[in-house]
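The values are calculated or read from the model by the stated rules, or taken from the named source; none is laboratory data. No experiment lies behind these values; they were computed from the predicted model shown. We place every Cβ from the backbone using ideal geometry, glycine too, and count neighbours over all the protein chains shown.
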Amino acid sequence: MDIEEYSPKSTLIVKETPLKRSKYPFVDVHNHQFDMPVKNLANLVAEMDSMNMGFMINLSGFRGLYLRKSLENIRENAPNHFGLFLNIDFEAIDDADFKETQTALIDSAAAAGVMGLKVYKSLGLTSTDSKGNRIAINDPRLDPIWEACGNNKMPVLIHSGEPASFWEPKDKFNERWLELRQKPRRYRDPASNPSFEEVLAEQHDIFKKHSNTTFINAHLGWMGNDLDRLGTHLDTYPNVMTEIGAVLAELGRQPKRARRFFIDYQDRILFGKDSYKVSEYYTYFRVLETDDEYFDYYRKRHAHWKMYGLALPDSILQKLYYKNALDLFPAIDHSLFKN
């Protein structure tokens, strides 16, 4: 038997509280629906209703015709349940009219009802300018973009970097070994990539420089394994929020510390999921709401360890699930979140 196939069934007898619906309606601020222009939104809303999702933000709004068709589909078929984020082509950075074109794009998107800007991890890692040079996240040529988002009160949800383990040797000591074996392209060879700390420093630099712009540091800023550091980060940058998409496994293995973090930073954390699969939300509900012990995460390559429930207080759950998002995105229909 290959070690990758080893999946022992625990003999531990513990309380089980399976949940298929969140205790309170929630806003998912980190989702991807790549077929939004043509998607059957009635079917998607029915799935959302089944798990008590009141509103979904599709970060993959793209731009141009794709964005316009997505907005049309939403307005015609589910105007109260979806929001869109814009995506920019950063590799056009050397175009003579880059500043004017991109700021006009942001202005027009905001006027059309687009809720924010999504920045993918390619910026700072793989995106290059016309000379083939890596575009740093804090490249001053991008300053007008962050400024325009602030002027339009459009939050920027930014995913920078990867888990730090992706830069570490692919050996028996790397806790993401299985993921790097199954997804070898996720490895960041230090010889040909900026370091983990360099990428984060570039990101944090724009947070400091553009204090009038609200940033949502995606995936707990890849600091979910060091919540003391993440807390200091949020203390340092009052214009930054964070979200829990695709990093639930970090929280579920440290329930005592994670619970304290949610209480201490209850106004700064948003609910996000990232990839969309209904059954995977159930694990989120269980970790956040119950005090269950020693249960499985839904994807082995992300977490070979077990999960523990945080049993968050109702007041914290309400902020995480919807109140913080409603404060950040006033255009969301508040009537969907009456308990």
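Among the conditions (1) part of a helix (DSSP H, G or I); (2) surrounded by fewer than 23 Cβ atoms within 10 Å (Cβ to Cβ), the only one that H219 does not satisfy is (2). Can you find a residue in the range 121-137 that is hydroxyl-bearing (S, T, Y), part of a helix (DSSP H, G or I), within 30 Å of E4 (Cβ to Cβ) and free of Cβ contacts under 8 Å to residues at least 40 places away in the same chain? Taking every residue of the range 121-137 in turn, none turns out to be hydroxyl-bearing (S, T, Y), part of a helix (DSSP H, G or I), within 30 Å of E4 (Cβ to Cβ) and free of Cβ contacts under 8 Å to residues at least 40 places away in the same chain.
Look through the range 1-50, keep the residues that are touching a Phe, Trp or Tyr at 6+ places or on another chain (Cβ under 6 Å) and among the β-branched types (V, I, T), and return whichever of them is modelled with the lowest pLDDT. Residue satisfying both the conditions and the ranking: V14. The residues listed here are I93, I137, I74; of these, the one that is under 30 Å from A303 (Cβ atoms), of a type outside the set (G, A, S) and crowded, with 19+ Cβ neighbours inside 10 Å is I137. Within the bounds of the range 73-82, is there any residue that is under 20 Å from the mean Cα position of the chain (by Cα), closer than 30 Å to F337 by Cα and either at pLDDT 95 or above or not acidic (D, E) (or both)? So far as the range 73-82 goes, yes, one or more of its residues are under 20 Å from the mean Cα position of the chain (by Cα), closer than 30 Å to F337 by Cα and either at pLDDT 95 or above or not acidic (D, E) (or both).
The residues on offer are Y294, Y284, and the sole one that is under 24 Å from F26 (Cα atoms), among the aromatic types (F, W, Y) and touching a Leu at 6+ places or on another chain (Cβ under 9 Å) is Y284.
Residues checked against (1) touching a Cys at 6+ places or on another chain (Cβ under 8 Å); (2) over 24 Å from V29 (Cα atoms); (3) part of a loop (DSSP other than H, G, I, E, B); (4) free of Cβ contacts under 8 Å to residues at least 24 places away in the same chain:
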site: C149; (1), (2), (3), (4): no, no, no, no
site: E179; (1), (2), (3), (4): no, yes, no, no
site: R185; (1), (2), (3), (4): no, yes, no, yes
site: E198; (1), (2), (3), (4): no, yes, no, yes
site: E202; (1), (2), (3), (4): no, no, no, no
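Every condition in (1) out of contact with any Lys or Arg (no Cβ under 7 Å at 6 or more places or on another chain); (2) assigned to a helix (DSSP H, G or I); (3) closer than 19 Å to K319 by Cα; (4) touching a residue at least 24 places away in the same chain (Cβ under 8 Å) holds for L234 except the one numbered (1).
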